[in-house]
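The values are calculated or read from the model by the stated rules, or taken from the named source; none is laboratory data. These figures come from a predicted structure and were not determined experimentally. Cβ sites come from the backbone with ideal geometry, for glycine too, and all protein chains shown count toward neighbours. With ligands, DNA and RNA removed, areas are computed over all heavy atoms of the protein, side chains included. Shrake-Rupley method; radii C 1.70, N 1.55, O 1.52, S 1.80 Å.
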Amino acid sequence: MNYYTDVLKKYVVFSGRARRQEFWMFVLFNFAVAIVVGIIDTVIGAGGILSGLYSLAVLLPVLGLAVRRLHDTDKSGWWLLLYLIPVLGWIALIVFWAIEGQPQPNQYGPNPKAVHA
């Protein structure tokens, strides 16, 4: 749960680096919370309002985390624009997010794995 709350605490932090574990654990928890919010939304008949509000609330933390994850692989946050290319761009981003970050410090900061060790 700390992975989820830590990302939310860094609400609009687009600098630095994020580990793979931090990224994918947040994705997992965010997916689970989105499902729960969707179920609650359906049960109370809110017509998708709760789901929309939740998505809007986590939009900036998700963007910040995605940029920090790209920074860990020594790529600029502008690579997120690949998301605008259907399928191939999405696949490329997933690959970038899944590859191991640089073990040495890069232009975006020190290795987050070394900092947490």
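Give me the percent of the accessible area of the chain that comes from carbon and sulfur atoms, probe 1.4 Å, all protein chains in place.
With neighbouring chains kept in place, the figure for the chain is 74 percent.
Could you tell me which of L88, H71, F26 has its Cα farthest along the dipole of the chain towards the positive end, charges placed at Cβ (Lys, Arg +1; Asp, Glu -1), taken about the Cα centre?
H71
When a/c reaches 1.5 or more, the comparison of a/b and b/c decides; with that in mind, is the range 52-117 rounded, prolate or oblate per its Cα gyration tensor?
It is oblate, given that a/c is not under 1.5 and a/b is not larger than b/c.
If I take the Cα coordinates of the chain and project them onto the principal axes, what are the three extents in Å, biggest first?
Largest first, the chain extends 51, 33, 20 Å along its Cα principal axes.
W78 versus L53, label points 7 Å from Cα toward the beta carbon: distance in nm?
About 3.8 nm, to one decimal.
Under unit Cβ charges (Lys, Arg +1; Asp, Glu -1), what dipole magnitude, rounded to 20 debye, does the range 3-71 have relative to its Cα centre? Intermediate results must be reported in sequence, preceding the final value.
On the way: 7 positive and 3 negative charges, 86 e Å.
Approximately 420 debye in magnitude.
Would you mind working out the magnitude of the charge dipole of the chain relative to its Cα centre, with +1 at each Lys and Arg C-beta and -1 at each Asp and Glu C-beta, to the nearest 20 Debye?
240 debye
What list of ³J(HN,Hα) values in whole Hz, one per residue of the range 92-108 in order, does the Karplus curve 6.51 cos²θ - 1.76 cosθ + 1.60 (θ = phi - 60°) give from phi, with Gly and Pro shown as x?
Result, rounded to whole Hz: 4, 5, 4, 5, 4, 6, 8, 6, 5, x, 5, x, 9, x, 10, 5, 9.
Counting only heavy atoms of protein chains, what accessible area per residue, in Å², does the chain have with a probe of 1.4 Å?
Value returned for the chain: 62 Å² of accessible area per residue.
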